Every structure is written in C-alpha cells, then in structure tokens.
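Here the structure is laid out as structure tokens; the discussion comes afterwards.
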Amino acid sequence: LATAATALALSVTATAGFAACEEGEIVVKFAHVTNTDKHPKGIAASLLEQRVNDEMNGTMCMEVYPNSTLYNDDKVLEAMLQGDVQLAAPSLSKFEKFTKQFRLFDLPFMFKNIEAVDAFQASETGQAMKDSMQRRGLQGLAFWHNGMKQMSANKPLLEPSDANGLKFRVQSSDVLVAQMEAIGGSPQKMAFSEVYGALQQGVVDGQENTWSNIYGKKFFEVQDGITETNHGIIDYLVVTSVDWLDSLEPDVRDQFLTILTEVTETRNKESYSVNQAAKKSIIDAGGVIRELTPEQRQAWVDAMKPVWEKFAGDVGQEKIDAAQSINA
Ligand code: LMR
C-alpha cells in the first residue's frame, strides 16, 4: 500500500509539472496569478524556478503555481504569513492592507514609462520601500516589471467622457477606485481570475491592464477594443515572509537571493518587448486597438491627475517629487 501511495504521489507531482522535491530539500512554493508565456512575470517566475532547481538541487526546490491555481492575490499574503506559501509577486496595487506607500505607483500618469519606474525603484527611496512591511511580517525582495496600462471597454473609449457611467473592474487599490470615479466610471474591486467572466457576462463593462495581461487572459475577446492610454503602470514586488527568510542558513539565503537578483536583472530588461509582443498577438488575433491624438490623451491626463491630491498625504510629497524629477 505504501508503495502504491508513493507511486501515486509521484505521478501527481509529475502531472503538475514539478521537478519532484527530494526529502530534505527546502520547498519553496511560489504562487502567482498570470499566465506563464508571453508574460513578464510568468517568464521570470519560470526562469527562477528552473535556476533554483538546477543550481540548488539537493538544498532547495521551487514549485511555481501560476494562473491563481494556488491562491488569488487577495489571499496569498495572509497565506504567506501562515507559512503556507513562501513566495509571491503581487502587483504593487495589492499591498494596501500592509502599506500605503505603494499608492505612489498607482497614481495615474505618475511615470512616463517603465524605465522611469526602474530608475525610481533603484533609488535609495525606492529600495527602502522593499522594507516597508517588515513590521507586518513581509519582506520585499525585488521589483519585477510588467508595463504600462491600457483601457478597454464594451464600447470605444476615446474621450474620458466615453467612460461615463461604465462599470470598471479595478485591482484592490483605493487609488484606482478614485481614478475610475474621476472619469465618471463606477469601479469594482475584483480578483484577476474573475475578470474575464465578469467582462463576458456584463458584470463590468471595462477594465485597465497591460498588453500581456489583456492578451494572456484574452480580455480583448470580450471587449469592443483597447485604447492605448499608457495612463499607469503594473509592476510587482517579489515578497516573502520575514520568518521564512530568517529561517534559511546564511549561505543558502545568499545563493537564493543572488539567483533572484540575476533573474530580476535579466527579465526586467525584457518586460517592454514582452508586452509589445503581446500587443502584436492581440492584433494578430483580431483584437481592436485604438490610439489617441495628443489632444485626446491630454483630456485623460486632465481628468485623472487631480486624483494625486487626494493621496499625496499617504504617499508623501517628497516621493511624488522624486518620481517626477525622474520623468523630466
Ligand atoms: C491584475 O489583477 O490585474 C494584475 O495585478 C494581475 C497581475 O498579476 O499582473
């Protein structure tokens, strides 16, 4: 019976696509919510898994659970504090229960592109933000890039007034709620895994996301079109629990963190091109993409930017100024 049970366990592990973890290895479960290919986070997570399993074989073993197969982003941080999962990379919009500092990244039109985000994160102020949740038991390890957000709905969006009265799905961020209200929309916080169904069934009319997420989860199939607004960003924090990190032997921790740093550097450089490839795939699949004239884009800036004032207190004016000086 024992042999049959072992064989079954092995075959289940094999089906899930994991290198079977050996006895004595430190098992690192990494839960995330996106697809794995043509996606900056999906690709980076798979590369991290492969490198840890190759280079730390016998010591550490990583299992990546993509596509919300283990946890949604709204559950994963609690699960991490319980010790049920060791690694996650939620978008910076999903840390509101733990810190208000990341609200900076959600403010519309704060960063002109991902290079500006990268430069801000690399600064002393940006690096210090990784430690902002230590008191709450979470340790940020690295920022991973996705890209600029675009708007989509079940009707063409060219002027901000086109969004008037529409229901929009947003990530769990009060800044994004305020942003959608600023254009006359009615925002609804919702887990990523529920968005496709909600768009399809008309529970919401529209959403905002990066090309890689719009392609990866096929949102373009259930929307009239996507407007290239580049009005905000989606970026991630690779995060673990303070307790888990402390539990590692120093040399094991160093090796793991070195691999993570290398994967971060390699993959962050590619995030723009991964999103551009996803954009092309949307066009190839028959999705409609609309561009804005400079005047139309300015109207979106004028409608959304007043949101900054509301959150300047949470974020800190000095951080807003630092981000803006990078854009200049
Ligand atoms: C979303 O919920 O739209 C994104 O945060 C998903 C992701 O991880 O990119």
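Taken together, the values in this text are just the output of simple stated rules run on the coordinates, not laboratory data. As the structure is a computational prediction, the values presented were derived from the model and not from experiment. Cβ placement follows ideal geometry from the backbone for every residue including glycine, while neighbour counts extend to all protein chains displayed.
Which residue pairs have Cβ atoms under 7 Å apart, sit 6 or more places apart or on different chains, and have a first residue in segment 64-79 that is over 13 Å from PHE192 (Cα atoms) and touching a residue at least 60 places away in the same chain (Cβ under 8 Å) and a second that is hydrophobic (A, V, I, L, M, F, W, C) and in a loop (DSSP other than H, G, I, E, B)?
From segment 64-79, the pairs are LEU77/PHE98.
Could you check segment 263-309 and list, in sequence order, the residues that are of a type in the set (Lys, Arg) and either surrounded by 15 or more Cβ atoms within 10 Å (Cβ to Cβ) or under 19 Å from GLN223 (Cα atoms) (or both)? So that I can check it myself, show each step before the final result.
Here is the first cut: in segment 263-309, the ones of a type in the set (Lys, Arg) are 267, 269, 279-280, 290, 297, 305.
Of everything in segment 263-309, those that are of a type in the set (Lys, Arg) and either surrounded by 15 or more Cβ atoms within 10 Å (Cβ to Cβ) or under 19 Å from GLN223 (Cα atoms) (or both) turn out to be ARG267, LYS279, LYS280, ARG290, ARG297, LYS305.
Among the residues of segment 105-159, which ones are touching a Phe, Trp or Tyr at 6+ places or on another chain (Cβ under 7 Å) and small (Gly, Ala, Ser)?
Result: GLY126, GLY147, SER152.
Looking only at segment 80-115, which residues are crowded, with 18+ Cβ neighbours inside 10 Å and assigned to a helix (DSSP H, G or I)?
Passing the criteria: MET80, LEU92, SER93, LYS94, ARG103, LEU104, PHE105, ASP106, ILE114.
Taking into account only those residues within segment 150-185 that are surrounded by 15 or more Cβ atoms within 10 Å (Cβ to Cβ) and of a type in the set (Gly, Ala, Ser), which is nearest to SER68 (Cα to Cα)?
By that ranking, first place goes to SER172.
Working only within segment 195-213, note down all residues that are farther than 22 Å from LYS280 by Cα and surrounded by fewer than 21 Cβ atoms within 10 Å (Cβ to Cβ).
Answer for segment 195-213, where residues must be farther than 22 Å from LYS280 by Cα and surrounded by fewer than 21 Cβ atoms within 10 Å (Cβ to Cβ): GLY197, ALA198, GLN200, GLN201, GLY202, VAL203.
Return only the number of the condition from (1) within 21 Å of the chain's Cα centre (by Cα); (2) under 28 Å from ARG135 (Cβ atoms); (3) surrounded by 14 or more Cβ atoms within 10 Å (Cβ to Cβ) that TRP244 does not satisfy.
The single condition TRP244 does not satisfy is (1).
What number of residues within segment 31-69 satisfy the criterion of being touching a Pro at 6+ places or on another chain (Cβ under 9 Å), aliphatic (A, V, I, L, M) and either closer than 12 Å to LEU87 by Cβ or surrounded by fewer than 24 Cβ atoms within 10 Å (Cβ to Cβ) (or both)?
Final tally of qualifying residues: 2.
For the structure I just gave you, tell me whether GLY140 is closer than 23 Å to VAL28 by Cβ and buried (at least 18 other Cβ atoms within 10 Å of the Cβ). Let's see the steps before the verdict.
Working: closer than 23 Å to VAL28 by Cβ: yes; buried (at least 18 other Cβ atoms within 10 Å of the Cβ): yes.
When the stated conditions are applied, GLY140 passes them.
GLY126 fails exactly one of the following numbered conditions: (1) assigned to a helix (DSSP H, G or I); (2) crowded, with 24+ Cβ neighbours inside 10 Å; (3) free of Cβ contacts under 8 Å to residues at least 60 places away in the same chain; (4) of a type outside the set (S, T, N, Q). What is the number of that condition?
GLY126 satisfies every listed condition except (2).
How about segment 29-70: which of its residues are among the hydroxyl-bearing types (Ser, Thr, Tyr), in contact with a Gly (Cβ under 9 Å, 6 or more places away or on another chain) and farther than 21 Å from GLN255 by Cα?
The first filter runs over segment 29-70 and keeps only residues among the hydroxyl-bearing types (Ser, Thr, Tyr), leaving 34, 36, 46, 59, 65, 68-69.
Right, trim to in contact with a Gly (Cβ under 9 Å, 6 or more places away or on another chain) and you get 34, 36, 59.
Of everything in segment 29-70, those that are among the hydroxyl-bearing types (Ser, Thr, Tyr), in contact with a Gly (Cβ under 9 Å, 6 or more places away or on another chain) and farther than 21 Å from GLN255 by Cα turn out to be THR34, THR36.
Out of all the residues in segment 47-60, which are over 20 Å from GLN139 (Cα atoms) and outside any helix (DSSP H, G or I)?
MET56, ASN57, GLY58, THR59
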